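Colleague: Have a look at this one before I ask anything.
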Amino acid sequence: MKIKITCFLLIIVCVCQTFAQKTININQGFTETKEYYSTIPYRNVNGKLIIDVFINNKQYNFLLDTGAPTSISKEVYETVVATNMDVVELTDSSGLKDSIQVVMVPKIGIDNINFINTPAFVFDESTNRIFKCLAIDGIIGSNLLRNSTIQFDALHQQVILTDSSKKLNLKKRDAYELKLNEIQSNPFIKSKIVKDNYIGS
């Protein structure tokens, strides 16, 4: 139980750190594959989804997190010829500050889909324990997935990744509009809280 709680808290910190004092738009990059429909198995590690990712023909373990920015470990960065984009200062929820490098990864492969020139944060796995806790090499995040439709199938422990929602058996009456953040495309749903005579959002 301790491990599960620790991992959960570290992920929250990782996501909170994306609120940088100096913002950089990481909604960049494109898919080399124009039309795609791919079924990708995942491993459930403490309630987190881990998938196989290929960079430079080498397989890595990445956390799939639609609310976080795409990130790679320092070890992965050192094996990739990535373009440096910027260094940003981050502040987490407790007020601690740190700086982090943002790079552009030439190609990230997920099954038969290649994502080209994707911006990613570089985390030092020796200081960011989420990587050791989940035994991952990076995070597939919202900026990489922003032009894709993703469907989660918990029964078969797989996700479907496609370029068009029309390729999925979806019912419009069950749909709800998602809003996307302008900087990294992390999704959120607008909701209302009703208590007594108070309505908030």
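Only the coordinates and a few stated rules stand behind these numbers; no lab work does. Not measured: the values here are computed from a predicted model.
Colleague: Quick one: of Lys48/Lys74; Lys58/Lys97; Lys107/Lys171; Lys34/Lys132; Lys34/Lys107, which pairs are farther than 26 Å apart, Cα to Cα?
Modeller: Going by Cα-Cα distance, Lys58/Lys97; Lys107/Lys171; Lys34/Lys132 fall outside the 26 Å limit.
Colleague: Quick one: P(r) of the stretch 55-127 from all Cα-Cα pairs, 5 Å bins, percents rounded to integers, in order of increasing distance.
Modeller: 3, 14, 25, 27, 18, 8, 4, 1, 0
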